[in-house]
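A.B. asks: First, the structure itself, so that you have it in front of you.
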Amino acid sequence: MLVEAMRRAHQELGIVLEPAGAASLAALLAYRRRFEGQSIGAILTGGNITLEQMKQWLALDARR
């Protein structure tokens, strides 16, 4: 679920997160119904991943 949260943040927000930095977003995605209708804040941090990890986890094209 962490990698999925990282992908969503990258695709929808244009930011790169490390796995720990995507944990709050992963929790919100996993428990979406629990938080439905509420205003929620989530801390999204870190870009401490390698280019190789970015290619693997975020499905980035190597030509970029």
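Throughout, read-outs are computed from the coordinates displayed, never taken from laboratory work. As the structure is a prediction and not an experimental result, all values here were calculated from the model. Virtual Cβ from ideal backbone geometry, glycine too; neighbours counted across all protein chains shown.
A.B. asks: Could you give the radius of gyration (one decimal) and Dmax (whole number) of the Cα atoms in the chain, in Å?
C.D. replies: Radius of gyration, then largest Cα-Cα span, for the chain: 12.4, 41 Å.
A.B. asks: With a sphere of radius 15 Å drawn around the Cβ of R8, what net charge do the other residues whose Cβ falls strictly inside it have (Lys, Arg +1; Asp, Glu -1)?
C.D. replies: -1
A.B. asks: According to a simple spin-label model (label point 7 Å from Cα along Cα-to-Cβ), what is the distance in nm between L51 and Q11?
C.D. replies: Roughly 2.5 nm, to one decimal.
A.B. asks: Considering Cα pairs under 8 angstrom that are at least six residues apart, work out the relative contact order of segment 2-64 and quote it in whole percent.
C.D. replies: Normalised by residue count, the contact order of segment 2-64 is 37 percent.
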